[in-house]
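The values are calculated or read from the model by the stated rules, or taken from the named source; none is laboratory data. A quick note: this is a predicted structure, and the numbers were derived from the prediction, not measured. Cβ sites come from the backbone with ideal geometry, for glycine too, and all protein chains shown count toward neighbours. For accessibility, only protein heavy atoms count, side chains too; no ligands or nucleic acids. Shrake-Rupley method; radii C 1.70, N 1.55, O 1.52, S 1.80 Å.
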Amino acid sequence: MNNNLNQNGGMQKRLILMTVLVFVFFIAYEFLVLKPQQEQRKEQARIAQEQNANAAPEVAMSSTSQDLASVNSANVAPMQVNKVLSTIRTSKNIIEIDNLGRVAQVTLLEEKYKSEDGSNLKLYDNNQLRPLETRFANSSINSEAFKVDFVASSSNLDASSQTQELILTQTLSGTTFTKKLTFYPDGHYDLEASASNGEQFFITNGYRPNVKVDMYAVHGLMAQHRVDDSLEVIDDGDLSSNKTFQGMNFVSNFDRYYASVVYNFDKALEITLMPDAKENPNAFIHANGNISFSGWMGPKNFNDLKALNPKLTDVIDYGWFTFIAKPMFTLLQFIQSYVGNWGWTIVILTILIKLVLYPLSYKGMVGMQKLKDLAPKMKEIQAKYKDDKQRQSMAMMELYKKHGANPMGGCLPLLLQIPVFFAIYRVLINAIELKGAEWILWIHDLAEMDPWFVLPILMGATMFIQQKITPTAMQDELQKKIFQMLPIIFTFFFIWFPAGLTLYWFVNNLFTIAQQYTINRIFEKKRVAKANS
């Protein structure tokens, strides 16, 4: 026990250092590892899709179950769009259907969804698996299906103010395949698909939108089980073999801001996930003769998804800290509904978080201040009993007890705040609501980096000031040097961070400085009073 007590002072230092290094690693990993991997995957996927673009599609029946099919991902269907069969315009997007009954392209119409050249964003690359592509279990019918065009009931539909219906019919030698699509003004659709003679087929929601490839994004597939609302999340590159799930509510292929979603909350879906040439997940929905579901292709906007079905908000993935992040985003939206500016909303949210966490912060700051005051005496004890660790440990504990200090008191409150910090990080990184949102003066898009680097520099400066006024009992020179470098390291990483996230850290630092300054003044007054008594 005494040996353990002897280690408390060093443990406290190590935990503080670990906490800071966790933040550094978290940021560095996303910037130095994930970003290059994502860019490499994008290029590899593009090359693989072009190489396989003219390969014949194959579907083989499972030898164990007629209901379970295995799509040969090495021989994908032709990706190229031969011609656009029908164009549907809603209030949110333009949806193009090609001659094989697939979604050829989705163009977003809202003003804030623009590409770098100022044109409206398009969700899909030229060569990738398209939403509503169909595969038949019967290989001969499947082969024919990719050679026979659909016939459309209309070539142009305006669903910007009222629902519109499109009938697609494909006449094959073994069956007649029909897709009835109902398009709504908000951009989503309903599908009823059927094959005569009860032919088994599979429909995909397509490869994920490929709009945003950056250091913050997670790309992949998500499916939700209807019974327990559990989520199956598979990142790009993590699926090595087919997986089949029954009783699913929805399946979503997504990038940072956008998703292709298929859902049915009345009747469960059976879904087989299949890797492509680069082990990126694609989903095929089973249908025995007929199927119906709804779909959404567009931004992962919380209110839009909630309007379709509240459970669809799970399409926005906040990672490990979802249980904190979701309520936090709800609060963020509530504040914004009154403030009307996302930048000031972030400022207010940061202040509220600081107020809620103030008891923990105060306790940690007081603990650090006490340890700083005891640092000279601790050093004396260490020197006096340097050859007797047991006596040193006992003397240290007597010192802590006499002055009401806790060697872990300055660190544990900080550790308890880490989930909140990571949750707000995930909220601000994934909130497409910040896209195109202005704050003040030079900040015209809180989802993009600060174009003049003002916020990152201010963040680094406030971090430096915070470090200077924060008491520490740290004696190790290496640890001191690491801490002194942190403001520079963080400033470097935050240069590329979204302005909204950098704003949060900057305001958080400001209020931490104010809190620390107040506590320092209180302790200084106590020291003066004690010296004069």
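Put a dot 7 Å past the Cα of W452, heading toward its Cβ, do the same for A268, and the two dots end up 5.8 nm apart. On segment 95-203, 42 percent of the accessible area sits on carbon and sulfur atoms, based on a 1.4 Å probe.
Dividing the Cα radius of gyration of segment 324-363 by 2.2 N^0.38 Å, with N the residue count, gives 1.24. For segment 219-343, the Kirkwood hydrodynamic radius comes to 15.5 Å, computed from all pairs of different C-alpha atoms. When +1 charges are put on Lys and Arg Cβ atoms and -1 charges on Asp and Glu Cβ atoms, the dipole computed for segment 329-388 relative to its Cα centre reaches about 140 debye. Fully extending the segment from S173 to A529 would add 118.4 nm, taking 0.36 nm per residue of separation and subtracting the current Cα-Cα distance. Net charge in the neighbourhood of L166 (other residues with Cβ under 10 Å of its Cβ; Lys, Arg +1, Asp, Glu -1) is +1. Across segment 129-191, the relative contact order, built from alpha-carbon pairs under 8 Å that are at least six residues apart, equals 26 percent. Short-range pairs are left out: with C-alpha atoms under 8 Å and at least six residues apart, the relative contact order of segment 78-137 is 30 percent. Please list, by residue number, every one of the trypsin sites (Lys or Arg not before Pro) in segment 324-394 that is coil in DSSP and has at most 10 other beta-carbon atoms within 10 Å. Here the sparse-neighbourhood loop sites are K386. Highest average first, the peptides 115-121, 323-329, 497-503 ordered by how many other beta carbon atoms sit within 10 Å of their residues are 497-503, 323-329, 115-121. Bridgeable aspartates and glutamates around K326 (alpha carbons under 16 Å apart, same-chain partners fewer than 8 residues away excluded): D229, D304, D314, D317, E433. Averaged per residue, segment 249-381 has 39 square angstrom of accessible surface, using a 1.4 angstrom probe with ligands and nucleic acids left out.
Assuming 0.36 nm per residue, please report the length gained on full extension of the stretch W442 to N303 beyond their Cα-Cα distance.
Difference between extended and current length: 47.3 nm.
Remark: relative contact order (segment 228-286) = 38 percent; criterion is Cα-Cα distance under 8 angstrom and separation of 6 or more residues.
Going down the list K180/K300; K300/K435; K370/K402; K122/K300; K377/K525; K83/K112, which pairs span over 18 Å between their C-alpha atoms?
K180/K300; K377/K525; K83/K112
Rolled with a 1.4 Å probe across the full set of protein chains, the surface gives H188 an accessible area near 20 Å².
Cα-based values for segment 292-362, radius of gyration first and Dmax second, are 15.1, 56 Å. Once the chain from K402 to R521 is taken as fully extended at 0.36 nm per residue, the excess over their C-alpha distance is 40.6 nm. For segment 258-297, the calculated P(r), taken from all Cα-Cα distances in 10 Å bins from zero up to the bin holding the longest distance, is 24, 51, 24, 1 percent. The calculated FRET efficiency for V84 paired with F334, based on their beta-carbon distance and R0 = 51 Å, is about 0.75.
On a per residue basis, segment 89-155 carries 39 Å² of accessible surface, using protein heavy atoms and a 1.4 Å probe.
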